[in-house]
Amino acid sequence: MIVPGAAPPRGRFPHLRRAGDLVFVSGTSARRPDGTFVGASADAMGVTDLDIRAQTRAVLDNIARLLGAAGGGPADLVSVTAYLVSMNDFGGYNEVYAEYFDETGPTRTTVAVHQLPHPHLLIEISAVAHIPRAAEAPLSPNKEPQS
């Protein structure tokens, strides 16, 4: 499923894929729909300032919006995998993550990677949520079930 209003995928893959009651969220970054990045700025000399806390918050908020399109939210997450470009950012990432989840939240794996698809990205997260399919719509009071 491609979610309208979300940053478009940078390739031929969906934001979300449902398999029964499980919803798989593709790797999600701090990229905005206009292609810019939360937590990334450059000064007049071109020196970049990248903020792991702002990017982590943006990624988790983006995932929440994507899950909303599937009828769920962050409370439905059962597993997340975070990819950090540098483990030096682990503390800031962990601090923000704790604003969203505690020990009753999803399982989590965090790994360091050589790089992500854009040099301004410090973090990307993929996730799995359990969002039961909506129950069948009830019959209209004027319709009889057919046998």
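I need the GluC sites (Glu not before Pro) found in segment 14-111, filtered to DSSP loop residues with at most 13 other beta carbons within 10 Å of theirs. Spell out each step's value before the answer.
On the way: sites: Glu95, Glu99, Glu103; in loops: Glu103.
Answer in residue order: Glu103.
How about segment 1-97: which trypsin sites (Lys or Arg not before Pro) there are in a DSSP loop, with at most 13 other Cβ atoms within 10 Å of their Cβ?
Those satisfying the criteria are Arg10, Arg12.
Can you give the alpha-carbon Rg of segment 1-111 over 2.2 N^0.38 Å, where N counts its residues?
Working: Rg = 14.6 Å, N = 111, 2.2 N^0.38 = 13.2 Å.
Computed over Cα atoms of segment 1-111, the ratio equals 1.11.
Add -39500 (n - 2.57) for each DSSP H run of 4 or more in the chain, then divide by its residues: what number comes out at 222 nm, to the nearest 500 deg cm²/dmol? Don't jump to the answer; show the numbers that get you there.
Values: 2 runs with 29 residues, N = 147.
Theoretical 222 nm ellipticity from helices: -6500 deg cm²/dmol.
Mind checking the per residue accessible area of the chain for me, 1.4 Å probe, whole number of Å²?
61
Taking Cα pairs under 8 Å and at least six residues apart, what relative contact order does the chain come out at, in percent?
30
With a 1.4 Å probe and all protein chains left in place, how much of the accessible area of the chain comes from carbon and sulfur atoms, in whole percent?
54
Which of these, Gly91, Gly73, Gly39, has the largest mean-square fluctuation under a Gaussian network model of the chain (Cα springs below 10 Å)?
Greatest mean-square fluctuation among the candidates belongs to Gly91.
Take every DSSP beta bridge whose two residues both sit in the chain, then give the antiparallel share in percent to the nearest 5.
Of the beta bridges lying entirely in the chain, close to 75 percent run antiparallel.
The values are calculated or read from the model by the stated rules, or taken from the named source; none is laboratory data. Values in this document were obtained by computation on a predicted structure and should not be read as measured data. Cβ coordinates were reconstructed from backbone atoms using ideal geometry, including for glycine residues, and neighbour counts include every protein chain displayed. Protein only, heavy atoms only, side chains kept; ligands, DNA and RNA dropped before computing areas. Shrake-Rupley method; radii C 1.70, N 1.55, O 1.52, S 1.80 Å.
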